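The values are calculated or read from the model by the stated rules, or taken from the named source; none is laboratory data. Treat the numbers as computed from the prediction; the structure is a model and nothing was measured. Using ideal geometry, Cβ is built from the backbone for each residue, glycine included, and neighbour counts are taken over all protein chains shown. What goes into the accessible areas is simple: the full protein's heavy atoms, side chains included, and nothing from ligands, DNA or RNA. Shrake-Rupley method; radii C 1.70, N 1.55, O 1.52, S 1.80 Å.
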Amino acid sequence: MKFTQATAITSTKIQRVGVVGGGQLAWMMGAAASRLGMELVVQTPNLTDPATAIAADTILAAIDDVNATAELATRCDVITFENEFVDLDGLRTLEEQGVLFQPSLSSLDPLLDKYIQRCYLQDLGLPTPRFWEWDGSQDLPLDFPLVIKVRRHGYDGQGTFVVKDAASFESICVKLQGVALLVEEFVPFDRELAAIAARSANGEIAIYPIVETQQQNQVCRLVIAPADISLEVKAEAEAIARTLLNSLQAVGVFGIELFLTSDNQLLVNEIAPRTHNSGHFTIDACKTSQFEQHLRAVCQLPLGNCDLNSAGAVMVNLLGYESAESDYLEKRKQLAQIPGSFVHWYGKKESRPGRKLGHVTVLLDREAVDQGRSQVLAIAQTIESIWGAN
């Protein structure tokens, strides 16, 4: 099969975008694609995956099925990614044949393996926790507590373990025997932050307000926009984003997770080369959503305005707390009654503990923001009490 990249590059308007992955991130691109007059073609393994509901065309295949991606390329002008579970080596053959991937495979290459990602950040001079490559056979390079991460395919906390003592360490070692691992120092951070940033092919960069995130079992629980941080910390977070995206020659939206220590030092935790959970608030709270921004970048359109259209926002993930089949319609109706709320339901048929089923964003007025972080957290607590996950 032969492809011609020139067609996509010289086209006056890219109208069909292929998306490798059909989960909620691809699903949330649907509304943005419609506004921009584009169609999405999705490669995903199951007909019940969320993005099949909004796709103009669907290829039912595993995410890392290169032959399916080759077929996807014949049905669209550019291919982007919803997640990182791809066969990068296999895709390079398609890229050599002219398939246009945005972000490019060279942008993804230093990020998919977490140890290699750490080395890349270190080489750029960006601050990270101390880290080591570890195969389980040698002595640990530091004392407990520490963090062990699977180098590939970790997602939503899967493959990340905070190890507090020798007993839990032994248990994890049995579970991860033979798996390539990254060991990191445990950072007693004051808060976790995230920067959602986009870069276009011509080097234009747009950065959303820096947000605070809170995790539950290593899964994002809530996001506060903007984060209550100093101007210095904000500027440093934005500088980290610019340095990274320019070095990668990235095209598209990237999520950059950060630790803020008690002495106001920033450390880069992880990089996601795609739209990110900590940016979901942008759908309702910003002039341009992260999903529209991503499509703008990969389709060679000018980047949109990242400014908030309210004084602030809080986003709460609706995480599964039971194994059940339910659409939780009554709870969603209650959530929709919260002033300033927007309820997003991903259409998943089954709930299980920790699964992302939807999210709620509440727009905040100036009074709520001025009352401080405790007031914002109280709104989040109202959402969680209705959802009933605690």
Problem - Search result, residues across segment 9-49 that are closer than 18 Å to GLN293 by Cα and part of a helix (DSSP H, G or I) - result: GLN24, LEU25, ALA26, TRP27, MET28, MET29, GLY30, ALA31, ALA32, ALA33, SER34, ARG35
Completion exercise
Only one of LEU111, LEU100, LEU121 is farther than 30 Å from CYS173 by Cβ and not aromatic (Phe, Trp, Tyr), namely LEU100
Exercise for the section: Mind counting the residues in segment 307-335 that are outside any strand (DSSP E or B), of a type in the set (Gly, Ala, Ser) and loosely packed, with under 12 Cβ neighbours inside 10 Å? Expected result: 1
Fill in the blank from the handout: In segment 163-172, anything surrounded by 14 or more Cβ atoms within 10 Å (Cβ to Cβ), modelled with pLDDT under 90 and either within 17 Å of VAL219 (Cα to Cα) or aliphatic (A, V, I, L, M) (or both) is listed as ILE172
Practice task
Please determine, by comparing only the residues of segment 235-254 that are part of a helix (DSSP H, G or I) and among the β-branched types (Val, Ile, Thr), which one is most open to solvent (accessible area, probe 1.4 Å).
Solution key: THR243
Handout entry: Test: residue in segment 289-297 that is open to solvent by 30 Å² or more (accessible area, probe 1.4 Å), at pLDDT 95 or above, of a type outside the set (Lys, Arg) and not in a strand (DSSP E or B)
Key = no
Exercise for the section: Would you check if there is a residue in segment 291-302 being under 13 Å from the mean Cα position of the chain (by Cα) and in contact (Cβ under 8 Å) with a residue 24 or more places away in the chain? Expected result: yes
Fill in the blank from the handout: Scanning segment 102-147 for residues that are touching an Asp or Glu at 6+ places or on another chain (Cβ under 6 Å) and aromatic (Phe, Trp, Tyr) gives TYR115, PHE131, PHE144
Exercise for the section: Go through the residues of segment 358-373 one by one and say whether even a single one is part of a strand (DSSP E or B) and surrounded by fewer than 19 Cβ atoms within 10 Å (Cβ to Cβ). Expected result: no
Exercise for the section: Might you let me know whether segment 115-125 holds any residue that is over 14 Å from ASN269 (Cβ atoms), over 24 Å from the mean Cα position of the chain (by Cα), not acidic (Asp, Glu) and not assigned by the TED database to the domain that holds ASN246? Expected result: no
Handout entry: Residue satisfying condition, being small (Gly, Ala, Ser) and within 24 Å of ARG366 (Cβ to Cβ), within set ALA241, ALA250, ALA166, ALA225
Key = ALA225
Practice task
Taking PHE259 as the residue in question, decide whether it is under 27 Å from ILE148 (Cβ atoms), out of contact with any helix residue (DSSP H, G or I) (no Cβ under 7 Å at 6 or more places or on another chain) and at pLDDT 95 or above.
Solution key: yes
Completion exercise
Just one listed residue, out of GLU212, GLU232, GLU257, is surrounded by fewer than 24 Cβ atoms within 10 Å (Cβ to Cβ), acidic (Asp, Glu), in contact with a strand residue (DSSP E or B) (Cβ under 6 Å, 6 or more places away or on another chain) and farther than 18 Å from VAL376 by Cβ, and it is GLU257
Exercise for the section: Only one of these is part of a loop (DSSP other than H, G, I, E, B) and touching a Lys or Arg at 6+ places or on another chain (Cβ under 8 Å): LEU111, LEU182, LEU142. Name it. Expected result: LEU142
Problem - One residue from VAL343, VAL314 being β-branched (Val, Ile, Thr), without any contact (Cβ under 8 Å) to a residue 24 or more places away in the chain and either in contact with a strand residue (DSSP E or B) (Cβ under 6 Å, 6 or more places away or on another chain) or within 23 Å of GLN215 (Cα to Cα) (or both) - result: VAL343
Practice task
Read through the list (1) open to solvent by less than 10 Å² (accessible area, probe 1.4 Å); (2) in a strand (DSSP E or B), then give the number of the only condition that LEU267 fails.
Solution key: (1)
Exercise for the section: Please enumerate the residues belonging to segment 50-79 that are closer than 27 Å to GLU350 by Cα, of a type in the set (Val, Ile, Thr) and outside any loop (DSSP other than H, G, I, E, B). Expected result: THR52, THR58, ILE59
Practice task
Filter segment 114-139 for residues that are assigned to a helix (DSSP H, G or I), open to solvent by 20 Å² or more (accessible area, probe 1.4 Å) and over 19 Å from ASP64 (Cβ atoms) and give the result.
Solution key: TYR115, CYS119, TYR120, GLN122, ASP123
